[in-house]
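Input: a single structure, listed below in structure tokens.
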Amino acid sequence: MDVNNTLEPAIAPRPARGGDESALPCGARWRRRTAPIDTPPQVAVPPDTEGAGVDGGASAEPQLAPRDAELWLLARRTQGAALRLDFELRTAFVRQVFRRDFVYVSRQLHGLEASRRVQGLDRARLDDALAALQQRADDVQALLTRIAADLDAVIAGAGPAGASIAFVRPARFQATIVSPIAHRFLALLTQADATLSRLEMAWLLGLVAPAHRTALLSDCRRALHGFKDLACQQRQAVGELVREVNAQRRAGVSASPDGGG
């Protein structure tokens, strides 16, 4: 079978779920791969020692998301290059999302982009799937911007001058980017981290009620999870199209006079 007419390899297993992780919204096939010798090393940090030392600063070496090596393997098999970005996350929730979902979502998005290589695939359907993800990213960005602006107004209007916030355990990370939309997802995570940092500051200043703080955190959680769910749904929908194209091609080969069978 022509390699350009096959669906991107099945998604590898996600890390073991934590106690608060919900089930995947749609089905997926999983496969483990053994990383080659030249796979970039993972940086493992025990959960109870992540991030800061005694001085409260971020750790010296950036952490990688669990199973980050799978993204490196995707890059080697396709475009032959991957973008590496260093950044810091200060809030526990966004750190959890990055560790749990970044590689998974990146693989969904990479699979969508790789479907462009499939001959006979309806490009309009693929473009619609990618456009839907971009629109969802715009919506999430607008939500986070609106929340941050409201918090900044509250802090500026009632907070003490010169107030600042410091986090006990910020952590430095490095992300492997294998598609443009994965970079957009990472930008949403860092924006969410900045927004929730402002939320913590407003709450500590007594300017946000506990119930309102919980509601805003839930809004951010739903927005990020919604992007992940949509990525999964669009990947599955395009995958079905690819399988239909491949089935039609196989049927055509079998029916041809010299197709054998």
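Each reported figure results from applying straightforward, stated rules to the coordinates on display, with no laboratory input. In this text, all values refer to a predicted model and were calculated from it rather than measured experimentally. Methodologically, a virtual Cβ is constructed for each residue, glycine included, from the backbone with ideal geometry; neighbour enumeration extends over all protein chains shown.
Between Arg123 and Ala153, full extension at 0.36 nm per residue minus the direct alpha carbon distance yields a gain of 6.3 nm. Ranked by the mean number of other Cβ atoms within 10 Å per residue, highest first, peptides 137-144, 186-193, 171-178 order as 171-178, 186-193, 137-144. Relative to the current alpha-carbon distance between Glu88 and Ala166, full extension at 0.36 nm per residue lengthens the span by 26.8 nm. Eigen-decomposition of the gyration tensor built on the alpha-carbon atoms of the range 52-253 gives equivalent ellipsoid semi-axes of 38, 20, 11 angstrom, largest listed first. Kirkwood's formula applied to the C-alpha pairs of the range 79-151 gives a hydrodynamic radius of 15.1 angstrom.
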